[in-house]
Amino acid sequence: MDLQLKDKVFIVTGGSKGIGEAITRGIAAEGGIPVIVTRSKGVTQDLVDELQAAGINAHAILGDLQELGNCEKAIRETAEKYGRIDGIVNNAGMNDGAGLEKGPEAFRASINLNLYHYYDLVYYALPYLKESKGSIVNISSKVAITGQGGTSGYAASKGAQLALTREWAAELLPYSIRVNAILPAEVMTPLYRKWLDNTFDDPAAQEASIVANIPLEKRMTTAEEIANMAVFLLSKRSAHTTGQWMIVDGGYVHLDRSLTT
Ligand code: NAP
């Protein structure tokens, strides 16, 4: 299937590591132009160099998305360079454990880290998305619908991303801008690896027990499997899909628990 992304421009936040990196590569593989917006420096330059060496048009804009000025700059720089924006993948974020015991400041900081920039980028990109009849993909999390414990700020942010997916899908109907969300559950990424290694005395045992609870094939979802859904949602091949929450998790959230016990 040709996803018809050739020469279309897509912003991917956090697009040089983990799920974001896989989405960047997925866009590039389909002939699209990925613009990575992230604060990770070395790894981003390496990825852009690699893609450009392969003849792929790719660009990076560095900055912390928690600063409003960096969101505005990312859109301005992309528009100046390419003259168009066909989609936004809101992906940057992390489960920072700002739970009920951590207090109001940690909660606010977590919302700033995980939520505001999802709105800010779309706000600044809106004129270009109207022009291109673009697509927005919000990377949320299973935590939005299951809870996890000890992570109020992240859960609130991920839940708000699902609400905004429906809200924006409704508001942007007149412009044929589609808005969808993907909810990963367990995907091995640099962040996930760090969490396992820093949280548990026996990370390997913990990983094995998590994997055992994933119904389909008792394995984690790969970042590429999340990216495949994201790239499809960015493309006009999903032209009549909007306001949807896509749960790409091997049945982790919804299938009968007896299947894994
Ligand atoms: P990752 O490996 O840490 O990659 C995220 C990238 O985003 C990193 O390069 C990170 O930079 C960047 N980033 C984070 N906050 C940023 C900010 N404020 N400004 C600019 N760049 C920022 O994470 P991942 O596991 O791929 O997660 C990607 C998304 O999927 C997140 O929204 C996460 O909540 C969601 N998710 C992941 C899983 C999973 O199992 N992995 C499950 C559910 C949901 P630094 O390295 O400098 O932090």
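Applying a DSSP loop filter and a limit of 13 other Cβ atoms within 10 Å to the trypsin sites (Lys or Arg not before Pro) in the range 1-61 leaves K6, K41. Quick check: from the Cα gyration tensor, does the range 188-261 come out rounded (a/c under 1.5), prolate or oblate? Oblate, because a/c is 1.5 or more while a/b does not exceed b/c. Between K8 and I33, the built amide H atoms are under 5 Å apart, and every one of these is 5 or more places off in sequence or on another chain. Using only alpha carbons, the range 102-235 has a radius of gyration to Kirkwood radius ratio (Rg to Rh) of 1.02. For Q244, what is the net charge nearby, where nearby means another residue's Cβ is under 12 Å from its Cβ and Lys, Arg count +1, Asp, Glu -1? Summing Lys and Arg as +1 and Asp and Glu as -1 gives +2.
Ranked from largest to smallest solvent-accessible area, with a 1.4 Å probe on the protein heavy atoms, S141, S152, S258 come out as S258, S152, S141. Amide hydrogen proximity for M246: with H placed 1.01 Å from N in the peptide plane, the residues at 5 or more positions away or on another chain lying under 5 Å are A181, I182, L183.
For the range 1-108, the pair-distance distribution built from all alpha carbon pairs, in bins 5 Å wide starting at 0, is 2, 12, 22, 22, 17, 9, 6, 4, 3, 1, 0 percent. Taking GluC sites (Glu not before Pro) across the range 33-91, the ones in a DSSP loop with at most 16 further Cβ atoms lying within 10 angstrom of their Cβ are E67. Highest GNM mean-square fluctuation among I210, I247, I36, for the chain modelled with Cα contacts below 10 Å: I210.
Couplings for the range 28-34, taken from phi via the Karplus curve 6.51 cos²θ - 1.76 cosθ + 1.60 with θ = phi - 60°, read 4, 5, 9, x, x, 10, x Hz in order; Gly and Pro are left as x. Atom-type composition of the exposed protein surface of the range 9-260 places 52 percent of the accessible area on carbon and sulfur (1.4 angstrom probe).
Backbone geometry of the range 61-75 corresponds, through the Karplus equation with coefficients 6.51, -1.76 and 1.60 at θ = phi - 60°, to 3J(HN,Hα) couplings of 10, 8, x, 7, 5, 5, 9, 3, x, 6, 5, 4, 4, 4, 6 Hz, x marking Gly and Pro. The dipole here belongs to the range 183-241: it is taken about the Cα centre, uses +1 on the Cβ of Lys and Arg and -1 on the Cβ of Asp and Glu, and is about 400 debye. Proximity of backbone amide H atoms, modeled 1.01 Å from N, is registered between V37 and V12, T13, G14, G15, I61 at under 5 Å, excluding neighbours fewer than 5 places apart on the same chain. Extending 7 Å from Cα along the Cβ direction at I210 and again at T260 yields two label points whose distance is 1.1 nm.
Near Y118: Cβ cut-off under 15 Å, other residues only, Lys/Arg at +1 and Asp/Glu at -1. The net charge is -4.
Note on the chain: with a GNM built from Cα contacts shorter than 10 Å, the maximum mean-square fluctuation among G149, G250, G63 falls on G149.
Taking the Cα atoms of the range 9-260, the ratio Rg/Rh between the radius of gyration and the Kirkwood radius comes to 0.96.
Farthest towards the positive end of the charge dipole of the chain, among the residues L47, L162, A205, is the Cα of L162, using unit charges on the Cβ of Lys, Arg, Asp and Glu. Karplus-derived 3J(HN,Hα) values for the range 242-252, using 6.51 cos²θ - 1.76 cosθ + 1.60 with θ = phi - 60°, are 8, x, 9, 10, 9, 9, 9, 8, x, x, 4 Hz; glycine and proline are entered as x. Could you give the length gained by full extension between R76 and E50, i.e. 0.36 nm per residue of separation minus their alpha carbon distance, to one decimal place? Separation in residues times 0.36 nm, less the Cα-Cα distance, equals 6.9 nm.
Annotation: per residue accessible area for the chain equals 48 Å², rounded to a whole number [probe 1.4 Å, protein chains only].
The values are calculated or read from the model by the stated rules, or taken from the named source; none is laboratory data. Values in this document were obtained by computation on a predicted structure and should not be read as measured data. Cβ coordinates were reconstructed from backbone atoms using ideal geometry, including for glycine residues, and neighbour counts include every protein chain displayed. Surface areas here come from the heavy atoms of the whole protein model, side chains and all, with no ligands, DNA or RNA. Shrake-Rupley method; radii C 1.70, N 1.55, O 1.52, S 1.80 Å.
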